[in-house]
Amino acid sequence: MKRKIIKIDEEKCNGCGLCVPDCPEGALQVIDGKARLVGDLLCDGLGACISTCPEDAIIVEEREAEPYNELKVMGNIVPQGGNVIRAHLNHLRNHGQTEFLNQALAYLKERNIKVDLKPDPVDLPVAGRKCPGSQVLAFPSAPEQQEDEGKRPSRLTHWPIQLHLISPNAQHYQGSDLLLAADCVAYSMADFHRDYLKDRTLAIACPKLDSNQEIYREKLTALIDQAGIRSIKVIIMQVPCCNGLLQQVLEAAARAERKIPVSCVVVGIQGEILRENRMAV
C-alpha cells in the first residue's frame, strides 16, 4: 500500500542516534554508523523523530510500504514502561490517529495495563527524557496599568508557541481565538503584541523553512475539532512563500468537522498592514 513513512538521507546522517529514543515504536536503530528504518510495520509516518535530528537527515515521504501495525508497535512499547506508553498514546491522540489509539487502548485493556492520559502530551517524557523548551506553561495576564506607565507588556499567555511543539490538548487553547503568525511578522511589526496578540493564543511557523509541514494541517484540524478554538487569524508577510501558511490553515479548516471563521492579515516588510480579509472556507 502507498502511505506516509520516514526516509533517512544516509549522506546527511552522522549516526548520532538522537532520533532513536524519540521513536518509542522501535522503528529506528543505529546500524553500521547510520540511523536505519528497521521495519515499515513499526513506522507510523508521523515524524516524531524529525525534530531531534541535528542534520535534517529525516523526512516524511509517501511511498509503497507495509501497513503500519499498531499491535506490533505496542509489543515493543509496553516493555519500555509507563512513560513511553503514555508518550506513544498521546502521540497518536495529538495527530488524530483515532483508529490506532483505540487499538492501543484495547491492547492495554486486554492485558490489564492501566495508563493515566491526563497529563498534557507536550509535557510528557519521551523515552525517559523531557525537553524543557517543550514544557507547557501558562503566564498571568499582563497588568493593564503598565502601558499607562510607558511600558509595553508582553501579551504572550503561554509556552511553547512553535507549531511543531504545541499541543492541541493544552488548556490555554481550549475555546480560544488563535493567532497563527509567520515567524518574521513579530520582527517587522513594532506593535505586534498590542495590536494582534492581546486576548489571543499564539502559534508560529515558517511555511518556507519548517520541515514536515503535513503535521501542521493535522494539528490545526485538531485545534479546531478537539480544542474547540473559536477562530483563526493568520498573519503573514507579503513575500510569496508566506502564502503557504494560509493554505495550510484553509486546508485544515476544510477538513475539520467544525466550521470556524478564518481571516488573514498581510504585513509589508517594513511592518505596514497591506490588507486584511475574511477567508471563505
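What the table below lists for this structure:
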item: Elements of type helices (runs of 4 or more DSSP H) contained in segment 1-111, each with 3 or more residues being of a type in the set (Gly, Ala, Ser); result: none
item: Lone qualifier among 201, 221 - being in contact with a Gly (Cβ under 8 Å, 6 or more places away or on another chain) and either modelled with pLDDT of 95 or more or under 28 Å from residue 97 (Cβ atoms) (or both); result: 221
item: Single match in 221, 201 (criterion: touching a strand residue (DSSP E or B) at 6+ places or on another chain (Cβ under 7 Å), among the polar types (S, T, N, Q) and closer than 22 Å to residue 93 by Cβ); result: 201
item: Hits in segment 97-106 - residues which are within 20 Å of the chain's Cα centre (by Cα) and surrounded by fewer than 18 Cβ atoms within 10 Å (Cβ to Cβ); result: 98, 99
item: Some residue of segment 86-99 being free of Cβ contacts under 8 Å to residues at least 12 places away in the same chain, farther than 23 Å from residue 223 by Cβ and of a type outside the set (Phe, Trp, Tyr); result: no
item: Enumeration of residues in segment 181-214 that are of a type in the set (Ser, Thr, Tyr) and either in a loop (DSSP other than H, G, I, E, B) or free of Cβ contacts under 8 Å to residues at least 60 places away in the same chain (or both); result: 187, 201, 211
item: Unique match (being farther than 18 Å from residue 75 by Cβ, buried (at least 16 other Cβ atoms within 10 Å of the Cβ) and within 24 Å of the chain's Cα centre (by Cα)) among 28, 46; result: 46
item: Segments classed as strands (runs of 3 or more DSSP E), wholly inside segment 215-281, with at least 2 members that are over 30 Å from residue 45 (Cα atoms) and assigned by TED's automatic domain parsing to the domain that holds residue 193; result: 262-267, 273-279
item: From 246, 223, residue being surrounded by 15 or more Cβ atoms within 10 Å (Cβ to Cβ) and over 19 Å from residue 186 (Cα atoms); result: 223
item: Residue among 118, 109 that alone is surrounded by fewer than 12 Cβ atoms within 10 Å (Cβ to Cβ), outside the structural domain of residue 223 (by TED's automatic domain parsing), farther than 22 Å from residue 21 by Cβ and modelled with pLDDT under 55; result: 118
item: Complete set of residues in segment 1-27 that are at pLDDT 90 or above and in contact with a Leu (Cβ under 7 Å, 6 or more places away or on another chain); result: 6, 8
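The values are calculated or read from the model by the stated rules, or taken from the named source; none is laboratory data. Treat the numbers as computed from the prediction; the structure is a model and nothing was measured. Every residue, glycine among them, receives a Cβ derived from its backbone with ideal geometry; neighbour counts consider all protein chains shown.
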